[in-house]
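Every read-out reported here was derived from the displayed coordinates using simple, explicitly stated rules and does not represent laboratory data. Values in this document were obtained by computation on a predicted structure and should not be read as measured data. Quick reminder, even Gly has a Cβ in these numbers, built from the backbone with ideal geometry, and neighbours come from all protein chains shown.
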Amino acid sequence: MAIYFISDLHLEPAQKAITDGFLSFLDSLNSAKGSQNEAEELYILGDFFEVWIGDDYSNEYIELINQALQQCSNKGTKIYFMHGNRDFLVGKTWCDNAHCELLDESKLITLGNESILLMHGDSLCTDDVEYMKARVMLRNPQWQEQLLAKTIPERIEFAKQVRSESKESQKGKSYEIMDVNQTAVDGALSAAHCSTMIHGHTHRPNIHHWDFEGEKRTRYVLGDWGDKGWFIKWQAGETLKLESFDL
């Protein structure tokens with residue numbers, strides 16, 4: 001039995017290679033039933049979709065993804081979904097339809113005898129003051145309610161505007177500013193009383209080891225799906241493994 005973690009697929013119809021890669025990834029999980037790679041759980045840690053304008057909007061592409069997740073769930077894999085900064089409007093309606101369980105923005109799980117803190121990762125980028133201010137607004141339930149009250153065409157236009165502004169804003173930001181802040185990472189781990197974290201968001205796949213107040217800590221960073229698909233796999237008796245495959 002194995003547990004898998006993915007993030008930052010940024011799924012959208014224009015990204016056929018990524019979409020096909022994800023569907024093939026789910027097929028591989030489905031076909032692994034009865035083997036040591038059988039997927040007991042799949043955690044989707046945010047930015048699964050490039051954009052999400054509300055559970056009341058759907059199309060053929062979304063239904064394709066839903067059906068693939070439903071099939072994986074029906075085969076026995078428990079699927080969990082965590083919001084990212086692109087798909088923070090995903091709600092319980094979509095999760096129920098896709099057979100996913102919606103998680104809070106940080107989740108503490110146990111793998112074997114080890115506690116693992118799961119996050120999307122954007123809340124750790126505290127050096128990006130401009131984004132952190134915007135994040136407060138975007139995650140405000142009242143603001144979200146007002147946005148969801150708009151018509152679907154209005155929301156689509158708003159999403160386009162936000163994406164354009166985000167890309168323009170990133171051009172002027174340094175590499176360091178858009179990465180996680182080490183103090184924020186240590187604060188999150190200390191608050192959760194654990195020493196290991198998995199997150200995405202930064203698109204910088206890696207495994208980081210360091211010491212904090214005499215404790216050995218580890219941070220696993222998932223990659224974004226582009227030329228490669230990235231995932232982390234855990235199996236009993238083994239360490240977490242960061243792996244990739246060509247798309």
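Give me the percent of DSSP beta bridges within the chain that run antiparallel, rounded to the nearest 5.
Details: 23 of 43 bridges.
That works out to approximately 55 percent antiparallel.
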For the stretch 1-140, report the % of Cα-Cα distances exceeding 20 Å. 48
Gain in length, His208 to Ser31, computed as 0.36 nm per residue apart minus the alpha-carbon separation, to one decimal in nm? 60.5 nm
Calculate for the chain the 222 nm mean residue ellipticity that helices alone would give, adding -39,500 (n - 2.57) per DSSP H run of length 4 or more and normalising by residue count, nearest 500 deg cm²/dmol. -11000 deg cm²/dmol
Under 25 Å Cα-Cα from Lys78, which lysines qualify once same-chain neighbours fewer than 8 residues away are excluded? Lys33, Lys92, Lys107, Lys228, Lys233, Lys241
If each residue's Cβ is checked for other Cβ atoms within 10 Å, how do Met178, Met132, Met82, Met197 rank with the fewest at the top? Met132, Met178, Met197, Met82
Taking a cut-off of 15 Å between Cα atoms, list the aspartates and glutamates near Lys167, but don't count ones fewer than 8 places away on the same chain. Glu50, Asp128, Glu130
Sequence ranges 49-62, 2-15, ranked by mean other-Cβ count within 10 angstrom, highest first: 2-15, 49-62
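Write out the GluC sites (Glu not before Pro) in the stretch 140-242 meeting two conditions: DSSP loop, and at most 13 other Cβ atoms within 10 Å of their Cβ.
Values: sites: Glu145, Glu154, Glu157, Glu165, Glu168, Glu176, Glu213, Glu215, Glu238; in loops: Glu176, Glu213, Glu238.
Answer in residue order: Glu176, Glu213, Glu238.
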Using each residue's phi in the stretch 3-12, evaluate 6.51 cos²θ - 1.76 cosθ + 1.60 at θ = phi - 60° and report the 3J(HN,Hα) Karplus result to the nearest Hz, with x for Gly and Pro. 10, 10, 10, 9, 6, 6, 7, 6, 5, 7
Isolated Cys in the chain, by beta carbon distance under 4.7 Å: Cys72, Cys125, Cys194
